[in-house]
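Derivation of every value follows stated rules applied to the coordinates shown; laboratory data play no part. Quantities reported herein were computed from a predicted structural model and do not represent experimental measurements. Note: ideal-geometry Cβ built from the backbone for every residue, glycine included; neighbour counts use all protein chains shown.
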Amino acid sequence: MAFAPAHNPFAWIATHTYAYPLLEVLHIVGIALLLGNLVLFELRVWGFGAALPIQPLARLALPVTLAGFALAATTGALMFASQPGDLIANRVFVIKMGLVMLAGLNAASFHARGGVARLDRLARLQTLLSLGIWLSVMFCGRWIAYQ
């Protein structure tokens, strides 16, 4: 006996004239907040802008970075919910989600070891890794549309 797929209450998002494009714009705003603040913070970790005290910069950048991530994650989840089967089947989407998880683990490790206070070689390596991962996430996000 064949079962019909359950109705997706979010499917309308993918075909709505304004909903999906608005989610995409808000997703990009979230990415800009996340990546923009990370780059400024990471430049400071690498010694640029040494006149700026790292602790106050981190206290300002971290909440904005997290707000950007929350916006990107929320809009991404809604876009995903509109067509989950297509996205789960998309290898690039799966890679993107793995990279987002890796970025989170890297950030958690950075903060758990007190990287802001240390500013050592490992902190610089982690910030470089962070930037590379997030740029890869962005690349995958754009590549999804072409799969």
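Please list, in chain and number order, the residues 5+ apart from Asn90 or on another chain whose amide H is under 5 Å from its amide H, with Hs placed from the backbone.
none
As I understand it, the dipole of the chain uses +1 on the Cβ of Lys and Arg and -1 on the Cβ of Asp and Glu, about the Cα centre. Which of Leu128, Leu23, Asn90 lies farthest toward its positive end?
The residue sitting farthest along the positive end of the dipole is Leu128.
Before anything else, pin down the relative contact order of the chain: Cα pairs under 8 Å, at least 6 apart, normalised by residue count, whole percent.
29
Where Rh is the Kirkwood radius over the Cα pairs of segment 1-62, the temperature 37 °C and the viscosity 0.692 mPa s, what D in µm²/s does Stokes-Einstein return?
Answer from the Stokes-Einstein relation: 216 µm²/s.
At 20 Å minimum axial length over the Cα atoms and a Kyte-Doolittle cut of 1.0, report the qualifying DSSP H helices in the chain, or say none.
19-45, 54-82, 91-112
What ranking do 98-107, 50-59 get when scored by the average of other Cβ atoms within 10 Å per residue, highest first?
98-107, 50-59
If you build the Cα gyration tensor of segment 46-136 and take the root of 5 times each eigenvalue, what three semi-axes come out, in whole angstrom, biggest first?
They are 30, 15, 10 Å, listed from largest to smallest.
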